[in-house]
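Participant: My structure is below; once you've seen it, I'll send some questions.
The values are calculated or read from the model by the stated rules, or taken from the named source; none is laboratory data. All values derive from a computational prediction rather than experimental measurement. Note: ideal-geometry Cβ built from the backbone for every residue, glycine included; neighbour counts use all protein chains shown. To get the accessible areas, we keep the full protein, side chains included, count just its heavy atoms, and leave off ligands, DNA and RNA. Shrake-Rupley method; radii C 1.70, N 1.55, O 1.52, S 1.80 Å.
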Amino acid sequence: MIINNKENNKDKRHSRIPNEHPVRHSLLSEALGEVSSARHIPSFGGAWGGFNSVILAAGDFPTHVLPLRILRTANNLIVCDGALKNLLEYEIEPTAVVGDGDSLPEELKQRYAHIYHHISEQEFNDLTKATLFARSHLKMDASTHTRPRFCYLGATGKREDHTLGNISLMLYYYRQLSIAPLMLTDYGWFVPASGTNTFSSFAGQQVSIFNASCKELSSEGLKWDIYPFAEIWQGTLNEALSTSFTIHADGDYLIYRTHRNI
């Protein structure tokens, strides 16, 4: 239950992970909007940024204002070891560093030994290792069955197989780890969903839907009605018509939405 807080890294003390991570910034809510759910998805609108953990992967380092602001304001920033060097160039301190150490220079291993968590097994990639580490250090609210909110940054770019794997892991984390993951990029964001949900949007927003297990799938508020796609590409390049759209489904799916131009 105890890991290092980034503010205490220099003197190597430990502190408890808080249950909430309040980030308040109108630009975030305007750009990303709010997700309202008929079932499982938490709201990322008015409470946008209420992440229990932010995880930085070793893909392309974010350059967009939204992920950079989240990096700078995150209380619980878990960093895959391959991303640490780039993070430090922005003078941002992590809460914990997780990985097998292969891509971490010896100097940084020594410098961050007090918050470095070496995990050598090869069944999972570093993104999942960081997720499992963060998940194991969170206190769950069993009475409300609230899914902890995780934000993933730097998880795309570089090798395409890594990108596809990381995107698909959002559904795995949602199903198997019972968390509410959001993967944020410089262009938009992915969230997994299940059943019927209404998503906030803006007219002209580009939307893609990736079917995972739905035999029934339809929509309201999109330019082209959707159906139970059999191929990954079939649900891409749709468009929101107004300030919200609704997905009706009997299974799981992944939603991608683009940022508003800001």
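Participant: Given a Förster distance of 22 Å, report the FRET efficiency between residue 220 and residue 260 from their Cβ-Cβ distance, rounded to the nearest 0.05.
Facilitator: Between residue 220 and residue 260 the formula returns 0.55.
Participant: Quick check: with the 1.4 Å probe, what order do 63, 163 take by accessible area, largest first?
Facilitator: Putting 63, 163 in descending order of accessible area: 63, 163.
Participant: Something else: Please work out how much length the chain gains when fully extended from residue 106 to residue 89, using 0.36 nm per residue of separation minus the C-alpha to C-alpha distance, in nm with one decimal.
Facilitator: My answer for the length gained is 4.4 nm.
Participant: Say each of residue 117 and residue 234 gets a label point 7 Å from the Cα, pointing the same way as Cα to Cβ; how far apart are those two points in nm?
Facilitator: 4.0 nm
Participant: Per residue of the range 180-191, what does 6.51 cos²θ - 1.76 cosθ + 1.60 with θ = phi - 60° give for ³J(HN,Hα)? Whole Hz please, x for Gly and Pro, Karplus curve as stated.
Facilitator: Result, ordered by residue: 9, x, 9, 9, 9, 10, 6, 10, x, 8, 10, 9 Hz.
Participant: Restricting to Cα pairs below 8 Å that are 6+ residues apart, what does the relative contact order work out to for the range 128-223? Please round to a whole percent.
Facilitator: Taking the mean separation of contacting Cα pairs over the length of the range 128-223, I get 20 percent.
Participant: Antiparallel versus total DSSP beta bridges in the range 91-191: what percent is that, nearest 5?
Facilitator: For the range 91-191, the DSSP antiparallel bridge percentage is about 20.
Participant: Just by accessible area at a 1.4 angstrom probe, what is the order of 93, 231 from largest to smallest?
Facilitator: Ranked list, largest accessible area first: 231, 93.
Participant: When only the heavy atoms of the protein chains count and the probe is 1.4 Å, how do 189, 224, 233 rank by accessible area, highest first?
Facilitator: 233, 224, 189
Participant: Okay, moving on. Using DSSP to call loops (not H, G, I, E or B), can you name the trypsin sites (Lys or Arg not before Pro) in the range 68-159 whose Cβ has at most 14 other Cβ atoms within 10 angstrom?
Facilitator: Sites meeting the loop and neighbour criteria: 139, 158, 159.
Participant: If you don't mind, there's one more thing I want to ask. Out of the total accessible area of the range 118-245 (probe 1.4 Å, heavy atoms of protein only), what percent is carbon and sulfur?
Facilitator: Carbon plus sulfur share of accessible area: 54 percent.
Participant: When all protein chains stay in place, what accessible area (Å², nearest 10, 1.4 Å probe) is found for residue 172?
Facilitator: Near enough 90 Å² of accessible area.
Participant: Net charge within 10 Å of residue 126 by Cβ-Cβ distance, Lys/Arg positive one each and Asp/Glu negative one each, not counting residue 126 itself?
Facilitator: -2
Participant: Something else about it: Can you give me the distance in nm between label points at residue 158 and residue 178, each placed 7 Å from the Cα along the Cα-to-Cβ direction?
Facilitator: In this crude label model, residue 158 to residue 178 measures out at 3.2 nm.
Participant: Further, regarding this structure: Placing +1 at every Lys and Arg Cβ and -1 at every Asp and Glu Cβ, with all other atoms neutral, what dipole size does the range 143-262 have around its Cα centre, in debye to the nearest 20?
Facilitator: 400 debye
Participant: Step through the residues of the range 123-129 one at a time and calculate ³J(HN,Hα) from phi using the Karplus curve (6.51 cos²θ - 1.76 cosθ + 1.60, θ = phi - 60°), rounding each to whole Hz and writing x for Gly and Pro.
Facilitator: 5, 10, 7, 5, 4, 6, 4
Participant: If you roll a 1.4 Å probe over the heavy atoms of the protein chains, what accessible area per residue do you get for the range 76-233, in Å²?
Facilitator: 47 Å²
Participant: OK, next. May I ask for the distance between the Cα centers of the range 146-224 and the range 83-105, given as a whole number of Å?
Facilitator: Spelled out, the Cα-based centre of one part sits 26 Å from the other.
Participant: Could you report the accessible area of residue 248 in Å², rounded to 10, computed with a 1.4 Å probe on the protein chains as they sit in the structure?
Facilitator: Its heavy atoms expose roughly 60 Å² to the probe.
Participant: If you average the sequence gap of Cα pairs under 8 Å that are 6 or more apart and divide by the length of the range 58-112, what percent do you get for the contact order?
Facilitator: In percent, rounded to a whole number, it is 33.
Participant: With respect to the cross-link table entries 158/223; 129/215; 85/158, which display a Cα-Cα separation exceeding 26 Å?
Facilitator: 158/223; 129/215
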